[in-house]
Each structure stands twice: as structure tokens, then as C-alpha cells.
């Protein structure tokens, strides 16, 4: 608590103590990640009650993820211009109201619209939580601990989503998967009004509308195209059309930022900060690692070992706990070791864990085949993820804290979306190739094993990129 108190004295004055500011940021991140995962277990019940088609049902998940990733840069810049406190409260309000609408939905279109609005609320909220930490904790040790707690809260949110989704849907109703956000959001709004009451941020500067439109539309179109790859194939019109349009819009966005905008939404000078540029490249690669761990391990437990969704969630709980513990440890070590040492250690654990996990097959037991390697992988994620978020948001001017947070979150989300599409395609192709001479479970296991080997390769790539970071200097 001493270092956190010191950080508070050096930061912008807040009405609330440092622990309250940090708790608010962590709770906001928890909600954002929770809602990305809690709905998955409830999807069959939602389909039965509201009459979703299989294609339409996917948009209960995709509607949230698409707007969350697509609007994050805009949400980050809005936090810089209009104030982090305003955007955090506005994000919580939109998230809570749209959760209420989703919980009360009586038609598929209403629920999808509510999920789209939820994603927009999350895109306002997530960069603001990072900006609050970035500007509120200036002491190096306190800042590292804050990022460790923030990262751990996301891990807890993902774990809680897998478990709570099944429990709430079974014990109450799928509607409470959304309605539970309403009282939580109201409580967090009250905390935000107290904890950040003394915050003086934001500036009188017009929003770069051309940059906002091209950047947001470009990201949304690119992610939408990537999402279609699982159903239509990478060379199909539903993939190439939106993804190509998205890339073209992002090129226009870059030109607008570099040459046309008087006050650019995404100042390209920020990429001149080596830590920001290298950190975001590593986060882009890391998105595929996280997907391989949490998403494909869950599929392995269910489709190969025959676990139920709830039992698979419980099977991943030890790894989630390990991630939370190691993330907090990484936060304590970061000021002493520097970024590169932690990233290399984490990548070593990822390489060993995924290499071990790639040996799993239909006859593997849970302890030797899944538990052991996922604990190693979780340790690697715990060492690397909070470290990457800290480095990707460090060294930028305070007035750009929101856009830097939005960029880091966007990079991570885009990496995860592309990683999911590429890895799912690879797993499907490998499983199809093995289907003729193997049982269905064995063929699927071969596909997932390829995913884990690719993830090990991504860990090696992150380690290589980390060598571009400046060396750690003690003191």
C-alpha cells in the first residue's frame, strides 16, 4: 500500500484513494471480459426461447466482439478529448442499459442490437480503465502492480464467465446473464463518481471526424471479413470483400492521420516511441496465443475428452487461477527485471506448455494431458500479458493516455480475431485430413494439436520481437 499511496501523490488528484481507483479500473475490465465469455454457455437456451437461426445466433457473440474491437480506437481518443471520467461513466451507463435491453429482449433482432450496443459501451469503457491506471499511477512499482491487477481481473472475468454462464442459465434463466450487469454497472457508476470526482482531464480540441469514420469502419470491416472465414473460406467473396475494404479504409485512415488531419485521432508520432510500437506488435501476435489457450483447450476438453461445457470450465479453472497468481507476481518483478527478461521467461513457459499440450490425444488423461501443460501455458501468459500491456502504454504523453489504451486493446482484440480465424481453419483442415483413418475424436485431437504447435511458434515470434526493446537499466 505504501507504493500505491506514493503513486497517488504523484498522479492527478482524485477524490478517492488509490485502491478505489484501481478497484474501479479492474472491475470495469472484469465486466468487459466477463461479457465476452459468459454468453457462450447460454446460447442454446437463447436459441430455443427467441427462435434464432444458427447463423443469426452467432451474432449474439459476434455483434459484441465486432463493435468492441472496431470502436476501441475511437473510444480511446474520446477519453482524451472529453475526459476519462466522463467516458468511463458513459461506457458503464451504455453497457448497463444495453444489458437491461438484452435481458428483456423478446425478439432476435432486439438481442443482437443490444449486444452491438454493449460492444460500444465496452469500447468506451476499456480504454478509459487503462487511461485511469496510466495517469493515476506514475510510480514505477505501483504502476506495475496496477497493471498486474488489471490483467488478473480480465483473467478472473474469463474464468467467471465460463462458470457463471452455466450456473446462471441452469439455476435462473439466460436473461440473468445480461441482467446481472445492471446492478453491478449502477454500483460502479457510483464508485466512479466518488473515486474520480477530482479528476481534471479532457481538452478543448475537435474530434478528427475523417479519422474516426475511416479508422472505425476499417477496423470493423476487416474484423467482419475475418469472422466470415470460418464459414466461407479465405478466398470467398464474403471474406475478401469486407477484409479488402477494411484494409483500404485503414490505408486511407493512415493517410488522413499523417497528412490531412489537423488534430489526428491516432497521432502517428506515437509509433516513434519504441516501446509503444514494439509492444503493440507483440500484443498482435499474443492474441493468437490467448485464443489457442482458452478457446481451443476448452474445445479439446469437450470434443475430444467428452466433457460438458460446465465441466470444461471447471477443468480450466486451475490454469485461470495460476494466471491470476503469476500475473500479480510479474507485476512485482517487472520493476526489477525489466520487460525483456519477463517476456523471454514467459515465452519459454509458453513454448514448453504448448509443446507438451500438442502431444495430447483422445486417450490422454486430464492431469497429464491437459492440466500439467495448461498450468505451464497459464504461467507464461501471466508473465507476458500484463508486461506487454504495460510496455505498450508506457512513454506516451499524458494527453494521449486514452488513445494509447485504445490502441493496445484494439491490437490485442484484432490479433485474437485473426488468430481465431486462422487457427480454426488450420484445425479444421488437419482434422479433415485425418478423418479417413481415425475416429472423430482422434481427428479433432490432431487438429487441436496443430493449433498448439502454431501457438508455440507465435511464442517464439513474441520472444524474437522482444529483443527490439531497450535493455533494462536498474535504478
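The values are calculated or read from the model by the stated rules, or taken from the named source; none is laboratory data. Just so it is clear, the model here is predicted, and its values are computed rather than measured. Note that we place each Cβ from the backbone using ideal geometry, even for glycine, and neighbour counts take in every protein chain shown.
What to note about this one:
- Of 429, 394, 345, 341, all but one fail to be in the same structural domain as residue 460 (by TED's automatic domain parsing) and either surrounded by 23 or more Cβ atoms within 10 Å (Cβ to Cβ) or closer than 22 Å to residue 447 by Cα (or both); the exception is 429.
- Residue check for residue 252: over 30 Å from residue 444 (Cβ atoms), touching a residue at least 40 places away in the same chain (Cβ under 8 Å) and assigned to a helix (DSSP H, G or I): no
- None of 196, 188, 222 is modelled with pLDDT under 90, surrounded by 14 or more Cβ atoms within 10 Å (Cβ to Cβ) and outside the structural domain of residue 87 (by TED's automatic domain parsing) except 222.
- Here 251, 276 are screened, and the one residue that is within 29 Å of residue 467 (Cα to Cα) and surrounded by 15 or more Cβ atoms within 10 Å (Cβ to Cβ) is 276.
- Of 442, 390, 360, all but one fail to be over 25 Å from residue 331 (Cβ atoms) and part of a helix (DSSP H, G or I); the exception is 442.
- Just one residue in the set 94, 163, 100, 125 is surrounded by fewer than 24 Cβ atoms within 10 Å (Cβ to Cβ), in contact with a helix residue (DSSP H, G or I) (Cβ under 7 Å, 6 or more places away or on another chain) and closer than 27 Å to residue 298 by Cβ; that residue is 163.
- Any hit, the stretch 293-303, residues being without any contact (Cβ under 8 Å) to a residue 40 or more places away in the chain and over 30 Å from residue 375 (Cβ atoms): no
- Test for residue 212: is it modelled with pLDDT under 80 and within 24 Å of residue 34 (Cβ to Cβ): no
- For beta carbons closer than 6 Å, sequence separation of 6+ or different chains, a first residue in the stretch 117-146 that is outside any helix (DSSP H, G or I) and a second that is buried (at least 24 other Cβ atoms within 10 Å of the Cβ) and at pLDDT 75 or above, the qualifying pairs are 137/146.
- Some residue of the stretch 358-370 being closer than 20 Å to residue 287 by Cβ and in the same structural domain as residue 301 (by TED's automatic domain parsing): yes
- Test: residue in the stretch 231-240 that is under 22 Å from residue 78 (Cβ atoms), free of Cβ contacts under 8 Å to residues at least 40 places away in the same chain and assigned to a helix (DSSP H, G or I): no
- Hey, residue 459 modelled with pLDDT of 85 or more, within 24 Å of residue 348 (Cα to Cα) and touching a helix residue (DSSP H, G or I) at 6+ places or on another chain (Cβ under 7 Å) or not: yes
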